[in-house]
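Each reported figure results from applying straightforward, stated rules to the coordinates on display, with no laboratory input. This one's a predicted model, so the numbers in the text were calculated from it and none came from an experiment. Backbone-built Cβ (ideal geometry, glycine too); neighbour counts: all protein chains shown.
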Amino acid sequence: MNKQLLIDYLPFEVMPETINEGMGNGKLLVKGVLQRANAENQNGRIYPKEILVREAKKYNDSFITERRAMGELDHPESSVVNLQNVSHNIKKMWWENDDLVGEVEVLPTPSGNILKELFRSGIKLGISSRGMGSVEAIKEDEETGKQTVAVQPDFELIAFDFVSNPSTQGAFLYPQGKTNEGVITESVRMDERNPNECGKYCKVESITNDIIRGL
């Protein structure tokens, strides 16, 4: 099977008490679930735990311990981390049952400053895992025809990115399909949002624009 870029989302639930800007250095640390094993996500994908355990260990050994487990802000569609858009670095990861949990340091970069202000403003963000791999169908809903697929052992974890994405599974999502690079992505479609839901997303855009003008 051909490998493709797999991008999957989870709401990044941050409690106020987990936000730590102490120690006099202005660092912002946040903690949350980065990925979930053995559960079907909004894209109809299941990540077997043994595959995620393997990739989490590789990511820890090759990236986290060397302090280069960087991620981007917004919706990357590449298998390469763009240094110009880096906003954060994963400091450590661990398992809590089937949840892969991580502690994330927000960096003092332009994108990191935007991310920091969004967190401080109480904006709920999503975390996006990015990796290369293939999938295989394991079941299909007889009524809707929707397939559930399992990520295969050739999966390779690339990065974790922060995105503005609905926290409700499947809400306002649509598949963009393949780009010219053969990448499969999913994102929020502006014209299909419920007008009553615009508030929080417009607030994200407003805060972002204010920060950019102040940089």
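Sites listed here are GluC sites (Glu not before Pro) in region 41-115 whose DSSP assignment is loop and whose Cβ has at most 10 other Cβ atoms within 10 Å: GLU66. Stretching the chain fully between VAL80 and ARG67 yields a gain of 3.0 nm (0.36 nm per residue, less the alpha carbon separation).
For ALA69, nonlocal amide neighbours, meaning residues 5 or more places apart or on other chains whose placed amide H falls under 5 Å from its own, are ILE90.
Here the label points at SER134 and LYS58, each 7 Å from Cα along the C-beta direction, are separated by 1.5 nm in the simple model.
The residues SER78, SER164, when put in order of fewest to most other Cβ atoms within 10 Å, stand as SER78, SER164.
What trypsin sites (Lys or Arg not before Pro) does region 65-109 have in DSSP loop regions with at most 15 other beta carbons within 10 Å?
Working: sites: ARG67, ARG68, LYS91, LYS92; in loops: ARG67, ARG68.
Listed in order of number, the matching sites are ARG67, ARG68.
Can you tell me how much longer the chain between GLU96 and LYS3 gets when fully stretched, taken as 0.36 nm per residue apart minus their C-alpha distance, in nm with one decimal?
On the way: separation 93, 0.36 × 93 = 33.48 nm, distance 2.88 nm.
Roughly 30.6 nm would be gained on extension.
For region 97-162 versus region 26-63, the inter-centroid distance based on Cα atoms is 8 Å.
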